[in-house]
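Here the structure is laid out as structure tokens; the discussion comes afterwards.
The values are calculated or read from the model by the stated rules, or taken from the named source; none is laboratory data. Model, not experiment: these values are computed from the prediction. All Cβ positions, glycine included, derive from the backbone under ideal geometry; neighbour counts span all protein chains shown.
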Amino acid sequence: MRILLVEDEPDLGYAIQQSLSREKYVVDWVQDGTTAWDYLENRQVHYTVAIFDWLLPNLSGLELCQRVRSKQDPLPILMLTAKDRMEDKVAGLDAGADDYLVKPFGMAELKARVRALNRRSPLLHPQKLQIGRLLLDYGTATVAVQTEKQTYQTIPLTAKEFQLLEYFMKHANQLLTREQLMNQVWEVEADPTSNVVPAQIRLLRRKLADYGCDGLLETVYGLGYRLNAEHEQK
């Protein structure tokens, strides 16, 4: 689950990014419309929701909406604005926004609206994802493993571990390169030369092993990594 946040107020942008990151979303935060459009044009990165402030440097949130919709892109968009007149709301919705939130707002409401957009998103189906004994629940942002007693035990994952495992589960049995994982699970600003991907996979493997799922993530030396769904069927 990846969100593009476009907000030019530093304090508000930081607060939103931190709040959504705690909900285990990958959040790319930029502060102007032109940079946001560059991110949206990046074919290696795929967003499930976008949050646009109305008033932005260079390109406004309204113009961003119009550009997205002109490409027939179904990306769910939440518009943030201090404009609370009915005609402004109509203009935002007509430009292509799916929802509208007037400043000031509470973070609980923002997160609820993001969850609602995720549920309606054509890019995020179904609401639960199961691979073998592993069950990922988007509603609670948790992953649980089925025990021998046919009950489920939640695995305590960090936000990054959840995001990484989600991507593996959505691409079960597929070979995923380090570059693919870096592009999809880490923020755009992350250092591409760092050793963060193999280091995070080691931590995730260790935690899965603690819950009886050792051997699930395979290393294909020199090529990348793979979640072996057949392993989980055994």
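Evaluate the following for GLU161: is it under 18 Å from the mean Cα position of the chain (by Cα) and assigned to a helix (DSSP H, G or I)?
yes
Testing GLU41 on (1) modelled with pLDDT under 90; (2) surrounded by 18 or more Cβ atoms within 10 Å (Cβ to Cβ), one condition comes back false. Which one is that?
The single condition GLU41 does not satisfy is (2).
State whether the residues of segment 81-102 include one that is under 15 Å from THR48 (Cα atoms), at pLDDT 90 or above, in contact with a helix residue (DSSP H, G or I) (Cβ under 9 Å, 6 or more places away or on another chain) and part of a loop (DSSP other than H, G, I, E, B).
There is at least one residue in segment 81-102 that is under 15 Å from THR48 (Cα atoms), at pLDDT 90 or above, in contact with a helix residue (DSSP H, G or I) (Cβ under 9 Å, 6 or more places away or on another chain) and part of a loop (DSSP other than H, G, I, E, B).
Considering LEU123, LEU110, which residue is modelled with pLDDT of 90 or more and of a type in the set (A, V, I, L, M, F, W, C)?
Just one listed residue meets the conditions, LEU110.
Condition check: buried (at least 18 other Cβ atoms within 10 Å of the Cβ) and aliphatic (A, V, I, L, M). Does ALA50 satisfy that?
Criteria met by ALA50.
Given the residues GLN174, GLN184, which is the only one that is of a type in the set (S, T, N, Q) and crowded, with 17+ Cβ neighbours inside 10 Å?
It is GLN184.
For GLN153, indicate whether it is in contact with a Ser or Thr (Cβ under 8 Å, 6 or more places away or on another chain) and outside any helix (DSSP H, G or I).
Yes, satisfied.
Report the residue count in segment 53-67 for those that are surrounded by fewer than 21 Cβ atoms within 10 Å (Cβ to Cβ) and either of a type in the set (A, V, I, L, M) or part of a loop (DSSP other than H, G, I, E, B) (or both).
Residues that pass the stated criteria total 5.
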